[in-house]
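Peer 1: One structure, pasted below without further comment.
The values are calculated or read from the model by the stated rules, or taken from the named source; none is laboratory data. Bear in mind the structure is a predicted one, so any value in this text is a computation, not a measurement. As a convention, Cβ positions derive from the backbone with ideal geometry for all residues, glycine included, and neighbour counts pool all protein chains shown. Keep in mind that these areas ignore ligands, DNA and RNA; they rest on the heavy atoms of the full protein, side chains included. Shrake-Rupley method; radii C 1.70, N 1.55, O 1.52, S 1.80 Å.
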Amino acid sequence: MSQAILQVEDLSKSFGGVKAVSGVSFELMENQVLGVIGPNGAGKTTLINLLTGFVRPDRGKVLFRGQNIAGMKPYKVANLGVARTFQMVKPFYQLPAFKNLVLPLKSPRAKQLTGGRYGDRDAVAKDLLEEVGFERDSWVIFKQASVLPHGYLKRLELARCIAMAADLVVLDELFSGLSLAEVASLVPVIDKLRVQGKTIIMVEHRLRELFRIADRVMVMNFGQKIAEGKPREVMEMPAVRGAYLGSEEEGA
Amino acid sequence: MARRLERLDRGIKVRSDDVFALNSWREMLYIIAPRVLPVLLLLVLGLAATPYWQRVIMQACMIGLLAISWDLLASVGMVSLGQALFFGIGAYIAGILDHYAGLGPWLTIPIATVGGAALSTLLLLPVLRLRGIYFSMVTLIMPLMIERIIEATKIFGGTEGLSGLQPMPHALVEIIAAMAVVWVALFSFNRMMSSDYGLILKGINDNDRAVMSAGLNIYLYKAQALFLAAGVGAFAGAFVTHAYQFVGMPVFALDYSILPIAGAAVGGMGTMSGPLLGCFILVPLNELLRGLGGMRTVIYAVLLVVFTVGLPEGIFHFIKRKYTQFERWVEVEQ
Ligand SMILES: Nc1ncnc2c1ncn2[C@@H]1O[C@H](COP(=O)(O)OP(=O)(O)O)[C@@H](O)[C@H]1O
Ligand SMILES: [Mg+2]
C-alpha cells in the first residue's frame, strides 16, 4: 500500500459571511489522481488556494508528506513540490511563451533538480513547451504571451507545473474554455505526468474526461465535501444528484 | 480609399539582428553608433564646457542617475515618488562622515552608496508589501518627514546643514567621474534587465501571483531591486554633497523626487535610456530659463505638458523607432 502524500483535516475558510470552504477533510495517496467537482461557487478554487498558500485557512491542517503547509507562503509551498495552475490563466504577458518558463526554472527547487543544466535554461523551456503540445520549431514559442490563443495559455500553465518538477500538481479547471480537440491533446500529457509518478488534483467541469483520468472523485457543494468515491459511483449518490440538479444541469 | 501608416523594420536593422552581419562595417556601425556616439558627444560637451556649464552637466548626470533608479523601480512595479529619500540619505551619510570623521570623497562616496542603499531598503522594507499607490504615497512622504526631523531635532547642523566639506579632487575628475558612473549604471542595468534575473523583476510587475507559484520569493527580489535603485540614488546624493562641499535639508526636497519623473515622462520610461535622455534635456533647459525669473516655472510646465501630450511614447522611443523602422502610407480597402 502506498503512502499518503497529502492529508487535509477540517480545512475551513470564510470570506465575510460566506463559508467558502468548511470542514473539508480528505487524504490522497502517492501517484493518485483525485478529481474535485461541484457547482460554481462550491469552493473548489478556494480549496486550491488553501492547499497552495494563496489563502490562509481559518482552521484546519494541510499535511504534505507529514509537514503542515497550511498558511505557508505560496513560493515556499511551490518549492516543496506543490504546483498549481490558475483557473484564470496567469502568464507573463510581456514575455515570449518560452521565456515564461525561465522563471519557474530559476526557482530554488528547479535549480536544485536540474543542477548542471543552468546554462541552457532556454532549451529546457522549449522542450517543456513541446511536452505540453506547443509545436516544436514553430514561431508560437517565440510569440509574446499576450497574443497567444487561450488554449496555449492553458498549456503554459501546465508547463509551469512541470518546470517546477512538482510532486503534487493541482489543476484548476485546466480544460475549461478548450475545444474538444485541445482537451484530447492534453489528456495524454496528464497521463504522462501520472506515469512519471506525480500525484494530481484536478478540479474539472468536464466530467467525461475527468472520469477517465481520476481514481477518485470528491464532490463539493456550499464549501462542504458532500461525497467521495469512485467516479461513477459518486454520480449515483443522491446528495450529488441533488447538488447538480439543483444548479447547473437544470432541465438536463 | 483610406490610408494607413505602415511601419516596417529597416533592412539594416533586420540584417544586424543577425550575428553574421557583424562581417560588414556598415552594419557594425549601425549597432555600435547609438551606443558610442552619445558617450562621445557627452564627453566632448563635458570637457569643452565652461566651469558653469560643467556643473550643469554634472547635475544632469546626477538627476539622470535618479531617473535610472526610478525607472528600475518602476519596471518592478514600484512607482517611487520619493527619489529624494535615496538622494538625501546618501548626501547626509557622505556629509556626516566627512564633517565628523574627515574621511574625504574617496571613502565617503562608496560608503554612502552602500550604506544609503541599505538604510533606504530597511526604511522601505515594511511597505514593500503595499501595492501601487500606497507604496508611492509612503515614498513621497518619507523624505519630507526626515527633513522635518532634522529641522526639529537640529541634528547634523539642523537648518544650517554641514558646510566646508572636502571637495572633489579636481573639476576634471568630477565631470569625468559623473559621466562614467552614468554610463556604467545605464549599460549594466540594461544588461541586467535583459538577463533572466531581469525577467523575474519584470515578471513581478506583470503578474506577481505567477512569480510566486514559480517558487520565487517576490519580496526578496523587490528588496534587491530597491537596494540597487537606492544605491544609485545615494551615490548621486553623496557625489553632489562633495561637489558643492555642503549638505543640508534641501537634499530631501521635492525637486529630487519630481525631476527624475519629469525626465522619465519626457524621455520615455521602461528603457532607462529614455529617462536619462529626458534629464539631459530638462536640467540644462532649467538653467537656460533661469534668467526668466518667475516665468520660468510656467514655461517649464508648459513645455512638459507639450512634450508628454505631443509625444506620449517619449523622445527616446520616438528616436529609436525612427532609427530602426521606416514608415510609409499604404492604401487600405474599406
Ligand atoms: N477572495 C475572495 N473574497 C471573497 N469571497 C470569495 C473570495 N474567493 C472566493 N470567494 C467566495 O467563496 C465562494 C467559493 O468560491 P470559489 O472557491 O471560487 O468556488 P468555485 O471555484 O468552486 O467556483 C464563492 O461564494 C465566492 O464568491
Ligand atoms: Mg473555481
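Peer 1: Can you give the accessible area of B:Met137, probe radius 1.4 Å, in Å² rounded to 10?
Peer 2: Around 90 Å² of this residue is reachable by solvent.
Peer 1: Give the carbon-plus-sulfur fraction of the accessible surface of the range B:53-257 in %, rounded to a whole number; probe 1.4 Å, heavy atoms of protein chains only. Could you put the intermediate results ahead of the total?
Peer 2: Details: 5380 of 7730 Å².
Of the solvent-accessible surface of the range B:53-257, carbon and sulfur hold 70 percent.
Peer 1: While we're looking at this one, here's another question. Please work out the average accessible area per residue across the range B:1-144, using the 1.4 Å probe convention, and give it in Å². Can you show the working numbers first?
Peer 2: Details: 7280 Å² over 144 residues.
Ligands and nucleic acids excluded, the figure is 51 Å² per residue.
Peer 1: Over chain B, with a Gaussian network built from C-alpha contacts below 10 Å, which listed residue (B:Met269, B:Met295, B:Met58) shows the highest mean-square fluctuation?
Peer 2: Of B:Met269, B:Met295, B:Met58, the Gaussian network model singles out B:Met295 as fluctuating most.
Peer 1: Another one. Counting only other residues whose beta carbon sits under 13 Å from that of A:Gly81, what net charge do I get with K and R as +1, D and E as -1?
Peer 2: Working: positive: A:Arg65, A:Lys76, A:Arg84, A:Arg109, A:Lys198; negative: A:Glu30, A:Asp167.
Charge balance in the 13 Å sphere: +3.
Peer 1: Another question, if that's okay. What's the ranking of B:259-265, B:150-156 by average number of surrounding C-beta atoms within 10 Å, highest first?
Peer 2: Values: B:259-265: 25.6, B:150-156: 12.7.
Highest to lowest by the protection proxy: B:259-265, B:150-156.
Peer 1: In addition: I need the shape label for chain A. Rule: rounded when a/c is under 1.5, else prolate if a/b > b/c, else oblate, with a, b, c from the alpha carbon gyration tensor. Working shown, then result.
Peer 2: Working: a/c = 1.81, a/b = 1.42, b/c = 1.28.
Because a/c hits 1.5 or more and a/b exceeds b/c, chain A counts as prolate.
Peer 1: When only DSSP loop residues count, what chymotrypsin sites (Phe, Trp or Tyr not before Pro) in the range A:1-80 have their Cβ near at most 16 other Cβ atoms within 10 Å?
Peer 2: none
Peer 1: Still on this structure: Trypsin sites (Lys or Arg not before Pro), restricted to the range B:63-148: which are DSSP loop and have at most 14 other Cβ atoms within 10 Å? Let's see the in-between values first.
Peer 2: Details: sites: B:Arg129, B:Arg131, B:Arg148; in loops: B:Arg129, B:Arg131.
Sparse-neighbourhood loop trypsin sites (Lys or Arg not before Pro): B:Arg129, B:Arg131.
Peer 1: Compute the relative contact order of chain A as a whole-number percentage, counting only Cα pairs closer than 8 Å that sit 6 or more residues apart in sequence.
Peer 2: Working: 482 pairs, mean separation 65.7, N = 252.
Relative contact order for chain A comes out at 26 percent.
Peer 1: Right, next: How much of the accessible area of the range A:95-209, probe 1.4 Å, is carbon plus sulfur, in whole percent? Can you show the working numbers first?
Peer 2: Numbers: 2530 of 4590 Å².
Summing carbon and sulfur atoms, their accessible area is 55 percent of the total for the range A:95-209.
Peer 1: Once you sort the root eigenvalues of the Cα gyration tensor of the range B:103-177 as a ≥ b ≥ c, which label holds: rounded (a/c under 1.5), prolate (a/b larger than b/c) or oblate (the other case)?
Peer 2: Oblate shape, in that a/c is at least 1.5 and b/c is the bigger or equal ratio.
Peer 1: Calculate the translational D of the range B:1-123 in whole µm² s⁻¹ from Stokes-Einstein, where the hydrodynamic radius comes from the Kirkwood formula applied to all Cα pairs, the temperature is 20 °C and the viscosity 1.002 mPa s.
Peer 2: Diffusion coefficient, whole number: 114 µm²/s.
Peer 1: Related question: Under the definition of Cα pairs under 8 Å and six or more residues apart, what whole-number percent is the relative contact order of chain B?
Peer 2: On the way: 513 pairs, mean separation 112.6, N = 334.
The value is 34 percent.
Peer 1: For A:Glu182, what charge total do you get from the other residues with a beta carbon under 15 Å from its beta carbon, if Lys and Arg give +1 and Asp and Glu give -1? Display every interim value, and only then the final one.
Peer 2: Numbers: positive: A:Lys154, A:Arg155, A:Arg206, A:Arg208; negative: A:Glu135, A:Glu157, A:Glu173, A:Glu204, A:Glu209.
Computed value for this residue: -1.
Peer 1: Which order do the peptides B:43-50, A:66-73 come out in when sorted by mean C-beta neighbours inside 10 angstrom, highest first? Walk me through the intermediate numbers first.
Peer 2: Numbers: B:43-50: 13.2, A:66-73: 14.9.
My ranking of the peptides, most packed first, is A:66-73, B:43-50.
Peer 1: Let me ask another. In the Gaussian network model of chain A, springs joining C-alpha atoms below 10 Å, which of A:Lys225, A:Lys61, A:Lys19 carries the largest mean-square fluctuation?
Peer 2: Residue with maximal mean-square fluctuation among A:Lys225, A:Lys61, A:Lys19: A:Lys19.
Peer 1: Could you state how much accessible area is buried at the B-A interface, both sides summed, with a 1.4 Å probe, in Å² to the nearest 100? Kindly include the intermediate steps, with their values, before the conclusion.
Peer 2: On the way: alone 17040 and 11820 Å², together 26930 Å².
Chains B and A together bury approximately 1900 Å².
Peer 1: Now for a different question. Please go through the residue pairs A:Lys111/B:Lys202; A:Lys192/A:Lys230; B:Lys222/B:Lys322; A:Lys19/B:Lys222; A:Lys76/B:Lys202 and name each one whose alpha carbons sit more than 25 Å apart in this structure.
Peer 2: On the way: A:Lys111/B:Lys202 20 Å; A:Lys192/A:Lys230 21 Å; B:Lys222/B:Lys322 34 Å; A:Lys19/B:Lys222 34 Å; A:Lys76/B:Lys202 21 Å.
Beyond 25 Å between Cα atoms: B:Lys222/B:Lys322; A:Lys19/B:Lys222.
Peer 1: Across peptide A:68-77, how many C-beta atoms of other chains are within 10 Å of each residue C-beta, on average? Before the final figure, lay out each step's value.
Peer 2: On the way: counts 0, 0, 0, 0, 0, 4, 10, 10, 3, 3.
Partner Cβ neighbours, averaged per residue: 3.
Peer 1: If the elastic network links every pair of Cα atoms under 10 Å, which of B:Ser195, B:Ser273, B:Ser163 fluctuates the most in the Gaussian network model of chain B?
Peer 2: For chain B, modelled as a Gaussian network with Cα springs under 10 Å, the answer is B:Ser195.
Peer 1: I've got another one for you. Which whole-number value in Å² is the accessible area per residue of chain A, probe 1.4 Å? List each step's numbers first, then the result.
Peer 2: Values: 10910 Å² over 252 residues.
Per-residue accessible area for chain A comes out at 43 Å².
Peer 1: Place +1 on the Cβ of every Lys and Arg and -1 on the Cβ of every Asp and Glu in the protein assembly as shown, take the dipole about the Cα centre, and give the residue among B:Gly215, B:Leu65, B:Leu277 whose Cα lies farthest towards its positive end.
Peer 2: Most positive-ward Cα: B:Gly215.
Peer 1: Next up: Could you order peptides B:183-192, A:92-101, B:67-76 by the average number of other Cβ atoms within 10 Å of their residues, highest first?
Peer 2: Numbers: B:183-192: 15.7, A:92-101: 23.1, B:67-76: 26.1.
Highest-to-lowest ranking by the protection proxy: B:67-76, A:92-101, B:183-192.
Peer 1: Just need the relative contact order of the range B:132-274 here, percent rounded to a whole number, with Cα pairs under 8 Å and 6+ apart. Don't skip to the end; give the middle numbers.
Peer 2: Values: 79 pairs, mean separation 57.2, N = 143.
Relative contact order here is 40 percent.
Peer 1: Helix A:180-195 sits at what angle to the longest principal axis of chain A, using alpha carbons and giving 0 to 90 degrees rounded to 10?
Peer 2: 90
Peer 1: Taking beta carbons within 10 Å but only from partner chains, what does the mean come to for residues A:86-98?
Peer 2: On the way: counts 4, 0, 1, 2, 8, 4, 11, 3, 6, 5, 0, 0, 0.
That average works out to 3.
Peer 1: May I ask you to work out the translational diffusion coefficient for the protein assembly as shown at 10 °C, viscosity 1.306 mPa s, via Stokes-Einstein with Rh from the Kirkwood sum over Cα pairs, reported in whole µm²/s? Intermediate values should be presented prior to the final figure.
Peer 2: Values: Rh = 27.4 Å.
D = 58 µm²/s.
Peer 1: Counting only other chains, and only Cβ atoms inside 10 Å, what mean value do you get across the residues of B:200-212? Please list the in-between numbers first.
Peer 2: Working: counts 5, 0, 5, 9, 2, 2, 9, 11, 2, 5, 12, 7, 10.
Across the residues of B:200-212, the mean count of other-chain Cβ atoms within 10 Å is 6.
Peer 1: Let me ask something additional. Just the number, please: percent antiparallel of the DSSP beta bridges in chain A, rounded to the nearest 5. Don't skip to the answer; put the middle values down first.
Peer 2: Values: 21 of 37 bridges.
Counting only bridges with both partners in chain A, antiparallel ones make up about 55 percent.
Peer 1: Determine the distance separating the Cα centre of the range B:262-334 from the Cα centre of the range B:139-153; give it in Å without decimals.
Peer 2: Cα centroid to Cα centroid, the span is 32 Å.
Peer 1: Follow-up question, since we're still on this one. Which value, in Å² and to the nearest 10, is the accessible area of B:His170 when all protein chains are kept and the probe is 1.4 Å?
Peer 2: 110
Peer 1: Heads up, I need the accessible area for B:Val305: 1.4 angstrom probe, whole protein in place, Å², nearest 10.
Peer 2: Only protein atoms counted, so the area is about 80 Å².
Peer 1: If you restrict to DSSP beta bridges whose two residues both lie in the protein assembly as shown, what percentage is antiparallel, to the nearest 5?
Peer 2: Working: 31 of 47 bridges.
The antiparallel proportion sits near 65 percent.
Peer 1: Rank these residues by their accessible area, most exposed first, probe 1.4 Å: B:Leu311, B:Leu124. Walk me through the intermediate numbers first.
Peer 2: Values: B:Leu311 40, B:Leu124 0 Å².
Sorted descending by solvent-accessible area, the residues read B:Leu311, B:Leu124.
Peer 1: Mind putting together the pair-distance distribution for chain B? All Cα pairs, 10 Å bins, whole percent per bin, short to long.
Peer 2: P(r) over chain B, rounded to whole percents: 6, 23, 31, 24, 12, 4, 1, 0.
Peer 1: Hey, another quick one. How would B:Glu287, B:Glu160, A:Glu131 line up by accessible area, probe 1.4 Å, largest first? Spell out each step's value before the answer.
Peer 2: On the way: B:Glu287 20, B:Glu160 140, A:Glu131 70 Å².
The ranking, largest first, comes out as B:Glu160, A:Glu131, B:Glu287.
Peer 1: What is the sum of charges, Lys and Arg at +1 and Asp and Glu at -1, for the other residues whose Cβ falls under 14 Å from the Cβ of A:Lys230? Before the final figure, lay out each step's value.
Peer 2: Details: positive: A:Arg212, A:Arg216, A:Arg232; negative: A:Asp215, A:Glu228, A:Glu233, A:Glu236.
Summing Lys and Arg as +1 and Asp and Glu as -1 gives -1.
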